[in-house]
Amino acid sequence: MEESTYKKILLIAIDTLCVNHLGCYGYDVPRNPTTPFIDSLAEKGAIFRKHYAADVPTPSSFTSLFTGIRGIRHGIIGFKNKSNEFKCSTPLLAECFAEKGFKTGMVSNLLYPCPWLVRGFRDIYPPGLRFQGGTAEEVTDKAISLLEEYRSHDFFLFVHYWDPHCPYFERSKEEYRRLFKAEDYKNAVPDMKYVWENEFVRLFYVRKHEKIGDPIDPAENLALYDANIRYVDDNIKRLYEYLEDKGLVDETLIIVTSDHGEAFGEYGFWDHWTCYRNISQLPLIIVGYDIPHVEIETYTQNIDVMPTILELAGIDVPKGLDGRSMVPLLKGEVEVFREEVVVNSDATVVQRMMVKDDYAIVHTLTRPVWDHLKEWELFNLAKDPSQVNDISESEVDLAKEMRIQLGDWLSENLKGRPDPLWLSVYRGGWMWRGLLSLLTQEELKKAYEKYPELKRIQEEKIVYYRV
């Protein structure tokens with residue numbers, strides 16, 4: 001790889017895109033491919049095989065992506081954070097480009113939950129004019145119109161697709177539903193025993209899906225989810241073809257990634273309410289004229305994306321970031337980048353996970369109704385990538401060692417500051433008011449009796465989940 005300075009940068013984020021559902025990451029369940037175009041990009045450039053978010057879900061993940069800083073420092077852990085809790089003394093990614101005279105555009109509705117992320121963007125278009133709104137076609141059309149304006153200039157354009165996010169059926173298009181049939185997934189559906197065995201988990205699962213119009217059968221949801229991914233893939237292809245038609249492909253650095261994945265019943269969870277691997281491991285593909293086709297097998301995190309893009313654009317990386325440039329990996333100068341990755345999550349459960357040497361230690365700080373979870377769990381990701389078999393009791397020494405390592409990591413990174421994840425415990429995970437609203441008064445009373453913590457959580461007045 002030669003020294004290069006890209007002056008045209010296209011950052012594409014596909015919300016809720018699970019790394020397990022891309023062909024280039026080994027997905028072969030349905031008869032038709034989910035991501036034929038993204039797979040072709042992976043064949044041209046660098047694909048990162050062990051790339052993780054520093055924080056999930058959406059607000060915390062994107063804030064870490066655009067700042068290069070972890071949530072335990074920038075203060076955004078979930079949906080319940082307020083703007084004044086965002087603490088960042090370094091410029092955000094778009095600000096770095098704006099300061100150098102780049103045109104900066106955002107095709108995303110992240111400005112609604114995360115107004116701090118608009119810093120540095122000159123042109124902001126929120127598809128659907130609401131959070132999680134718009135379609136892939138609308139996003140692509142607006143991105144192309146901005147590229148038409150930008151193409152003679154240096155630019156940084158962020159393009160954000162929402163289509164894989166639930167409600168899967170409401171977002172789906174009939175022509176894509178025809179490509180993916182539920183019968184293709186009968187041997188691939190997760191074990192739903194933790195959903196069906198717990199009265200309240202079962203109620204939440206069934207009523208949430210009924211309320212938003214999604215099927216109860218996980219096979220049907222998997223088919224719809226894949227149909228929506230393919231819809232996005234075709235639109236990214238259309239965006240790329242515009243660059244080809246205008247002769248911009250060789251000049252443009254293209255990054256494809258996500259903010260988090262999705263669950264379909266594994267370990268009693270659906271949606272994206274944990275920090276287990278199916279939620280926190282992300283796709284990352286980087287394509288440029290001089291970036292070789294390499295498969296990166298070492299651990300990386302989304303906080304490393306900002307400094308990487310800036311170095312490839314010839315812009316100084318701000319000091320004080322938690323992330324660092326991955327350019328040495330692209331050049332083949334190093335093989336090991338991170339010894340471990342650590343992920344924070346605030347949703348129905350509040351968790352922290354450290355992954356090292358294909359083992360994951362998970363600390364669940366609060367878990368109200370998911371009472372099959374233990375406070376500390378250990379998983380062998382090589383044998384159990386879905387994390388449904390806790391081995392902490394059979395691997396006592398390893399579990400103890402990794403708990404100590406996670407404690408040391410936390411002490412080193414907090415540097416005496418309070419751990420904001422405990423604020424999430426106090427506030428209650430961001431999804432609870434939406435879920436509790438699905439219960440009858442009698443069921444709610446019963447839930448309070450069995451799980452007293454839910455009553456305190458229910459007193460929170462802010463609602464972030466549409467049911």
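The alpha-carbon positions of the stretch 49-163 define a convex hull whose volume is 118 Å³ per residue. Under 19 Å of direct C-alpha separation, and excluding same-chain neighbours fewer than eight residues apart, LYS319 reaches these aspartates and glutamates: GLU95, GLU99, ASP304, GLU311, GLU412.
Translational D (Stokes-Einstein, µm²/s) of the chain at 37 °C and 0.692 mPa s when Rh comes from the Kirkwood sum over C-alpha pairs?
So the translational diffusion coefficient is about 146 µm²/s.
Sorting the segments 155-163, 113-121 by their mean number of nearby beta carbons within 10 angstrom, highest to lowest, gives 155-163, 113-121. Here the stretch 319-383 yields Rg over Rh of 1.11, to two decimals, using C-alpha coordinates and the Kirkwood radius. Each residue, GLU339 and ASP358, gets one label point 7 Å from its Cα in the Cβ direction; the gap between the two is 2.0 nm.
Only residues of the stretch 133-150 count here: report those whose backbone N is under 16 Å from the spot 7 Å along Cα→Cβ of TYR112, or say none. 133-136, 138-139, by backbone N distance to the label point. Between ILE212 and ASN389, how high is the FRET efficiency from 1/(1 + (r/R0)^6) when r is the Cβ-Cβ distance and R₀ = 25 Å? Nearest 0.05. The formula returns an efficiency of 0.25 here.
Please work out, to two decimal places, the log10 of the ratio I(q)/I(0) at q = 0.18, 0.20, 0.23, 0.24 Å⁻¹ from a Debye calculation in which every Cα of the stretch 303-411 carries one identical scatterer. Calculated log10 I(q)/I(0) at the listed q: -0.95, -1.06, -1.22, -1.28. With the helix formula -39500 (n - 2.57) applied to DSSP H stretches of n ≥ 4, the chain reaches a computed 222 nm mean residue ellipticity of -10000 deg cm²/dmol.
The orientation-averaged projected area of the convex hull spanned by the Cα atoms of the stretch 145-280 comes to 10.1 nm². Shape analysis of the stretch 76-223 based on the Cα gyration tensor places the equivalent ellipsoid semi-axes at 37, 22, 12 Å, largest first.
Size descriptors for the stretch 121-207 (Cα atoms only): Rg and Dmax, in that order, 19.2, 59 Å.
Positive-end ranking of PHE121, ASN187, LEU157 along the dipole of the stretch 94-214, with charges on Cβ about the Cα centre, is headed by ASN187. Coupling constants for the stretch 292-304 follow from the phi torsions by the Karplus curve (6.51 cos²θ - 1.76 cosθ + 1.60, θ = phi - 60°), and in residue order they are x, 6, 9, 10, 8, 9, 8, 5, 9, 9, 5, 5, 8 Hz; glycine and proline get x.
Projecting the Cα atoms of ALA53, TYR27, VAL107 onto the charge dipole of the stretch 5-153, computed from C-beta unit charges around the Cα centre, puts ALA53 farthest toward the positive end.
Just flag the trypsin sites (Lys or Arg not before Pro) in the stretch 190-281 sitting in loop per DSSP whose Cβ has no more than 15 other Cβ atoms within 10 Å.
Details: sites: LYS193, ARG202, ARG207, LYS208, LYS211, ARG230, LYS237, ARG238, LYS246, ARG277; in loops: LYS246.
Answer in residue order: LYS246.
If you average the alpha carbon positions of the stretch 358-435 and of the stretch 63-114, how far apart do those two centres end up, in angstrom? The two parts, judged by their Cα centres, are 26 Å apart. Between SER437 and GLU251, residue separation times 0.36 nm minus the direct Cα-Cα distance comes to 61.9 nm.
Computed extension length for ARG417-LYS331: 27.3 nm, one decimal, from 0.36 nm per residue of separation with the Cα-Cα distance subtracted.
For the pair LEU129 and GLN458 in one chain, pulling the backbone fully straight at 0.36 nm per residue adds 115.5 nm over the alpha carbon distance.
Computed from backbone phi with θ = phi - 60° and the Karplus coefficients 6.51, -1.76 and 1.60, the 3J(HN,Hα) list for the stretch 18-33 is 6, 4, 6, 10, 10, x, 5, 9, x, 7, 9, 6, x, 5, 9, x Hz; x is used for glycine and proline.
Over the chain, Cα pairs under 8 Å with separation of 6+ residues give a relative contact order of 23 percent.
Mind checking the dipole of the chain: about its Cα centre, +1 per Lys or Arg Cβ, -1 per Asp or Glu Cβ, Debye to the nearest 20? The calculated dipole for the chain is roughly 1580 debye.
Here the stretch 53-108 yields Rg over Rh of 1.00, to two decimals, using C-alpha coordinates and the Kirkwood radius.
Here the chain has 46 percent of its accessible surface on carbon and sulfur atoms, given a 1.4 Å probe and all protein chains in place. Peptides 28-34, 172-178 ranked from most to least packed, by the mean per-residue count of other Cβ atoms within 10 Å: 28-34, 172-178. Farthest toward the dipole's positive end in the stretch 386-467, which of LEU398, GLN441, PRO418, given Cβ charges of +1 (Lys, Arg) and -1 (Asp, Glu) about the Cα centre? Sorting the options by dipole projection puts first GLN441. Using R₀ = 22 Å, calculate the FRET efficiency as 1/(1 + (r/R₀)^6) where r is the Cβ-Cβ separation of GLU197 and LYS445; round to 0.05. Efficiency computed from Cβ-Cβ geometry: 0.55.
Note on the stretch 77-130: Kirkwood hydrodynamic radius from all Cα pairs is 12.1 Å, rounded to one decimal.
Below 11 angstrom from the Cβ of GLY261, what's the summed charge of the other residues (Lys, Arg +1; Asp, Glu -1)?
Net of charged neighbours comes to -4.
A simple packing score, the average count of other Cβ atoms within 10 Å per residue, orders the peptides 138-150, 54-66 as 54-66, 138-150, with the highest score first. Largest accessible area first, the listed residues GLU210, GLU85, GLU335 line up as GLU335, GLU210, GLU85 when surface is computed with a 1.4 Å probe on the assembled protein chains.
Counting every C-alpha pair in the stretch 245-341, the share spaced more than 19 angstrom apart comes to 52%. Rounded to the nearest 0.05, the FRET efficiency derived from the C-beta distance between GLU138 and VAL29 at R0 = 35 Å is 0.75. Working note: Karplus 6.51/-1.76/1.60 with θ = phi - 60° gives the stretch 267-284 the couplings 6, x, 10, 9, 6, 9, 10, 9, 10, 4, 4, 5, 9, 9, 7, 10, x, 8 Hz, where Gly and Pro are set to x. Calculated accessible area for the chain comes out at 38 Å² per residue, all protein chains present (probe 1.4 Å; ligands, DNA, RNA ignored). Counting only alpha carbon atoms, the long axis of helix 58-67 and the longest principal axis of the chain meet at about 40°.
The values are calculated or read from the model by the stated rules, or taken from the named source; none is laboratory data. For clarity, every value in this text was computed on a predicted model and none was experimentally measured. Cβ coordinates were reconstructed from backbone atoms using ideal geometry, including for glycine residues, and neighbour counts include every protein chain displayed. Note: areas computed on protein heavy atoms with side chains; ligands, DNA, RNA excluded. Shrake-Rupley method; radii C 1.70, N 1.55, O 1.52, S 1.80 Å.
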